[in-house]
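A short write-up of the structure that comes next.
The values are calculated or read from the model by the stated rules, or taken from the named source; none is laboratory data. Only a predicted model underlies this, so the values are computations on that prediction, with no experimental measurement involved. Don't worry about glycine lacking a Cβ; one is built from the backbone with ideal geometry, like all the others, and counts go over all protein chains shown. When the accessible area is computed, the model is the full protein with side chains, heavy atoms only, and any ligands, DNA or RNA have been set aside. Shrake-Rupley method; radii C 1.70, N 1.55, O 1.52, S 1.80 Å.
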Amino acid sequence: GIYSPSVQFTLYDMAALLLQRLPQAESVFFNAPNLHFIPCNPVTSSFKNDVYVATSEPHGNIECVVTRKGAAPHIPMSKL
């Protein structure tokens, strides 16, 4: 994988790349689950922080909207 300081950083980079490669797109909207994973070192394993276990909290969704300068903002379907 590629290191990212946050999911928001990754979502922004993905949207910016899409807007760069697709001139007809004015706005990009992402809705991602807010899942967290913690490193787990199984006793009998030689892995060093390469195994992760999903936690049940926190939860919810992270939304990201990236819009071209001068374009109308995107309104997520959940807000209509």
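Scanning region 40-49 for residues that are at pLDDT 70 or above and open to solvent by less than 70 Å² (accessible area, probe 1.4 Å) gives 40, 42.
Scanning region 21-47 for residues that are under 12 Å from residue 66 (Cα atoms) and more than 18 Å from the chain's Cα centre (by Cα) yields 25, 26.
If you go through region 15-30 and keep only what is open to solvent by less than 80 Å² (accessible area, probe 1.4 Å) and outside any loop (DSSP other than H, G, I, E, B), you end up with 15, 16, 17, 18, 19, 27, 28, 29, 30. The condition (being at pLDDT below 80, surrounded by 10 or more Cβ atoms within 10 Å (Cβ to Cβ) and outside any loop (DSSP other than H, G, I, E, B)) is satisfied by just one residue among 12, 52: 52. A search for C-beta distances below 6 Å between a residue of region 53-64 that is under 11 Å from residue 33 (Cβ atoms) and any residue that is in a strand (DSSP E or B) and open to solvent by less than 60 Å² (accessible area, probe 1.4 Å), counting only pairs 6+ apart in sequence or on different chains, returns 62/32.
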